[in-house]
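Enquirer: A single structure is presented below for examination.
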Amino acid sequence: MSSDNRQTPRRRPWVVGISGASGTGYASAVIRGLLDAGEDVDLIVSRAARLTLRDETGIAFRPSQWREDLGAWIGRDLAGVCMWAIDDMAAGPSSGSYRTRGMIVVPASTASVAGIALGVSKDLLQRSADVTLKERRPLVLVVRETPLRRSTLLQLADLAGEGAVVLPASPGFYAGGETAQDLIDFVAGKVLDVVGVDHDLFRRWDGTIAHNFPA
Ligand SMILES: Cc1cc2nc3c(=O)[nH]c(=O)nc-3n(C[C@H](O)[C@H](O)[C@H](O)COP(=O)(O)O)c2cc1C
């Protein structure tokens, strides 16, 4: 997908995997937050995610202009982002010796959750998550499905037991969000919180209830 995916000695990216669950806006907000904080990003987009991207954004995402079209959607220049093809099983993140800070799967489909929990590694996204777990690096799964099957719940419990952070795409409404983007940013901000990346994507709880009623 890109010829300039070279690992420099000091580069330690966050691997962001976009799988085919609804909620591609969460991916956009997380990537924007990482880049704005000066973090390096490697990106892996599943085949199904190309469908959800199209469906939810209305953008065609031309294969020949993939980086530019993704950049326009995210609202940032993606020149420094390594783009790995989903079938490239020789890609950097498929090996534990490729240095990363960890991986965020956002949104995470139940299919990807199952594949990661079982260690199927059917594509680069699942393999990279597998590597992240075996190397004991942070793995965040922004799962999006409702309702959930018992098997998915058990797989998520298993993954949490291995150290993954299961972070459902469930925005809180206490931060004063007024728009859909505010709610998306709330979830993205929670992702950045768990990986220790600074952001100002939502207003933090300060102990003040918004509406004071007369006693
Ligand atoms: C428009 C659309 C929305 C979808 N939304 C979800 C979803 O919210 N959660 C989910 O687990 N799967 C969802 N799916 C199904 C997944 O895309 C499907 O299970 C796919 O095999 C996931 O593959 P991946 O995990 O490799 O991306 C959706 C599919 C489409 C086409």
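Enquirer: Would you check the accessible area of Asp182, probe 1.4 Å, heavy atoms only, in square angstrom rounded to 10?
Expert: Solvent-accessible area, nearest 10 Å²: 60 Å².
Enquirer: Would you kindly derive the ³J(HN,Hα) couplings of region 107-114 from the backbone phi angles with the Karplus curve 6.51 cos²θ - 1.76 cosθ + 1.60 (θ = phi - 60°), listing them in order in whole Hz, with x for Gly and Pro?
Expert: Result, rounded to whole Hz: x, 9, 6, 5, 5, 5, 4, 4.
Enquirer: Counting pairs of alpha carbon atoms under 8 Å apart in space and at least six apart in sequence, what relative contact order in percent does region 14-193 give? Walk me through the numbers before you get to the answer.
Expert: Details: 313 pairs, mean separation 45.7, N = 180.
Over region 14-193, the number comes to 25 percent.
Enquirer: Counting only protein heavy atoms and using a 1.4 Å probe, what share of the accessible area of the chain belongs to carbon plus sulfur, as a whole percent?
Expert: Working: 5540 of 10990 Å².
Of the solvent-accessible surface of the chain, carbon and sulfur hold 50 percent.
Enquirer: Between the helical axis of 180-194 and the dominant principal axis of the chain, each derived from Cα atoms, what acute angle in degrees is found, rounded to the nearest 10?
Expert: 70
Enquirer: Roughly how much of Ser97 is accessible, in Å² to the nearest 10, using a 1.4 Å probe?
Expert: About 100 Å², ignoring ligands and nucleic acids.
Enquirer: Looking only at region 162-197, which residues have a backbone nitrogen under 19 Å from a spot 7 Å from the Cα of His211 in the C-beta direction?
Expert: Flagged as within label range: 172-179.
Enquirer: Any idea of the accessible area per residue across the chain, 1.4 Å probe, to the nearest Å²? Mind dumping the intermediate values first?
Expert: Working: 10990 Å² over 215 residues.
Ligands and nucleic acids excluded, the figure is 51 Å² per residue.
Enquirer: Let me ask something additional. Kindly identify region 14-193 as rounded, prolate or oblate by the Cα gyration tensor criterion: order the square roots of the eigenvalues as a ≥ b ≥ c, call it rounded if a/c is under 1.5, otherwise compare a/b with b/c, prolate if a/b is larger, else oblate.
Expert: Details: a/c = 1.39, a/b = 1.06, b/c = 1.31.
Cα axes put region 14-193 in the rounded bin.
Enquirer: Now, a different point. How large is the dipole of the chain about the Cα centre if only Lys and Arg carry +1 and Asp and Glu carry -1, each at its Cβ, rounded to the nearest 20 debye?
Expert: Details: 24 positive and 25 negative charges, 111 e Å.
The calculation lands at about 540 debye.
The values are calculated or read from the model by the stated rules, or taken from the named source; none is laboratory data. If you're wondering where the values come from, they're calculated on a predicted model, not measured in any experiment. Note that each Cβ is placed from the backbone with ideal geometry, even for glycine, and that neighbours are counted across all protein chains shown. When the accessible area is computed, the model is the full protein with side chains, heavy atoms only, and any ligands, DNA or RNA have been set aside. Shrake-Rupley method; radii C 1.70, N 1.55, O 1.52, S 1.80 Å.
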